[in-house]
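Heads up, the thing below is written out as structure tokens.
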Amino acid sequence: HSLIYAGNEDFVHAKAEGVQPITLTELIEQYDNLMVLRSYSRSDEKLKNAVKYAKKQMGKPYDFEFTYGDDKFYCTKLVFASYREAQIKLKIRNNSGSRELFSDLLKREPLHPLDFMKANVRTVYKSPNLVIENNEVSMSR
């Protein structure tokens, strides 16, 4: 699952009920494992614009068909669109090893939350039982 941190322990995310807010407490209660990734963007203004865009999408429906466009959202598409609107360019390392823009990938296939691990972002936090190897996440035994 992917979401945008909106400040003050609040987040914006897309789930079956549509785009809506969720608190940090609710997030921890609903999900067993968490990983926090952060853009390398140093622009507070751009990050604020990403949050502003995500908040404007609240109330829009969930995109069960995983389509291209901004009239409905699934979780990773909301995060990507928020960054795109804030002019934060996310690039992903594709299977051939070269980097391409998320916007190009999204035109071909839906984004998966783990796609962000292959992007130009850094890991700020991960649950202790998560293991990251070769851009893959697994659970420790």
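The values are calculated or read from the model by the stated rules, or taken from the named source; none is laboratory data. Not measured: the values here are computed from a predicted model. Neighbour counts are summed over all protein chains in view; Cβ atoms, including those assigned to glycine, are modelled from backbone coordinates with ideal geometry. Side chains included, ligands, DNA and RNA excluded: accessible areas come from the protein's heavy atoms. Shrake-Rupley method; radii C 1.70, N 1.55, O 1.52, S 1.80 Å.
Here is how the numbers come out for the structure above:
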item	result
Under-5 Å amide H pairs with Asn120, H placed in peptide plane, nonlocal only	Lys91
Rough spin-label spacing in nm, given labels placed 7 Å along Cα→Cβ, for Lys48 and Asn134	4.4
Mean Cα-pair separation over length for the chain, i.e. relative contact order, pairs under 8 Å, 6 or more apart, %	27
The range 1-44, relative contact order [Cα under 8 Å, separation at least 6], %	22
Loop GluC sites (Glu not before Pro), the range 1-93 (other Cβ atoms within 10 Å of the site Cβ: 14 or fewer; DSSP)	Glu9, Glu17, Glu65
Rounded to whole Hz, the Karplus (6.51, -1.76, 1.60) HN-Hα couplings of the range 28-40, x for glycine and proline	5, 5, 8, 10, 7, 10, 10, 9, 10, 10, 10, 5, 7
Amide proton proximity set for Gly18, modelled H, under 5 Å, gap of 5+	Tyr62
Accessible surface, the chain, averaged per residue in Å² (probe 1.4 Å)	61
Cα-based shape type of the chain, given that a ≥ b ≥ c are square roots of the gyration tensor eigenvalues and the cut on a/c is 1.5	rounded
Under the Karplus curve 6.51 cos²θ - 1.76 cosθ + 1.60, θ = phi - 60°, whole-Hz ³J(HN,Hα) for the range 52-66, x wherever Gly or Pro sits	4, 4, 4, 5, 5, 8, 4, x, 6, x, 6, 9, 5, 8, 6
Simple Cβ-charge dipole of the chain, Lys/Arg +1 and Asp/Glu -1, about Cα centre, in debye nearest 20	580
Low-density loop cleavage sites - chymotrypsin sites (Phe, Trp or Tyr not before Pro) in the range 25-90, where at most 16 other Cβ are within 10 Å (DSSP)	Tyr31, Tyr40, Phe64, Phe66, Tyr68
Gain upon complete extension [Leu24, Tyr125; 0.36 nm per residue less C-alpha separation]	35.0 nm
Whole-percent carbon and sulfur share, accessible surface of the chain, 1.4 Å	48
Asp70/Arg38 FRET efficiency (R0 25 Å; Cβ-Cβ; nearest 0.05)	0.60
